């Protein structure tokens, strides 16, 4: 861990703490070793630096749109953090291989199945890329959600700190039980994942996954001692 890296992460964490009141106590529930896929909602730019800096010293990586590297300063910062460039709108095999390599090395891979920021905080439909990563790696998935950050741009000009809440759920695995993974099955899997995410959010933030009664768990297997996040609503 270089001095530049330590200075950058400490500075970013300090700025976040200055601008936000971060309720991060539940991050202590994130395992301190072993490969892990964090599945999270995606509201705005805040979650990425916040999650990255607050999970230190655990190595965390994730995808960032390839266009980010068009900006030299941002590209340097994202390289320092080990982010994975992702070409959106196509099956980026190089990016997927990098993600699998990170998991093989025991890192945390943070994934936002929605793909794009919502801005308003309400869940959007999930995309099945995370299904490939989970099945190929065999790594557990851990739902982590945020809310409150959608008010950041409203609070900033008023010089108000933004309350940023983090909730960590119960881990689980994807299991096909030997069945064929068709496009329909992949979509059902990602929807099952997203309902686990939705269950951790207050009802107003659940968006297209508001009807928890419609959730299925046909392809989910919960870790020993863990239970469905739907049972905590």
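What follows is calculated from the coordinates using simple rules that are stated; it is not laboratory data. Since this is a predicted model, take the numbers as computed values, not measurements. Cβ sites come from the backbone with ideal geometry, for glycine too, and all protein chains shown count toward neighbours.
Details
- Added length on full extension, which subtracts the Cα-Cα distance from 0.36 nm per residue, residue 163 to residue 136: 6.0 nm
- As a rough footprinting exposure proxy, the listed residues 180, 65 were ranked by other beta carbons within 10 Å of their own, and the order from fewest upward is 180, 65.
- What separates the Cα centres of region 141-156 and region 119-138 is a distance of 18 Å.
- In plain terms, the chain from residue 80 to residue 97 could stretch by 4.2 nm, reckoned as 0.36 nm per residue minus the Cα-Cα distance.
- Considering only beta bridges that DSSP places wholly inside the chain, some 30 percent are antiparallel.
- Label-reachable residues, region 13-46, where backbone N falls under 17 Å from a point 7 Å from residue 181's Cα toward its Cβ: 36-39
- Structure-based [θ]222 nm, the chain - -39500 (n - 2.57) summed over DSSP H runs of at least 4, per residue, nearest 500: -9500 deg cm²/dmol
- Based on the Kirkwood approach, the hydrodynamic radius assigned to the chain is 18.2 Å, with every pair of different Cα atoms included.
- FRET efficiency, 1/(1 + (r/R0)^6) with R0 25 Å, evaluated for residue 116 and residue 154 via beta carbons: 0.80
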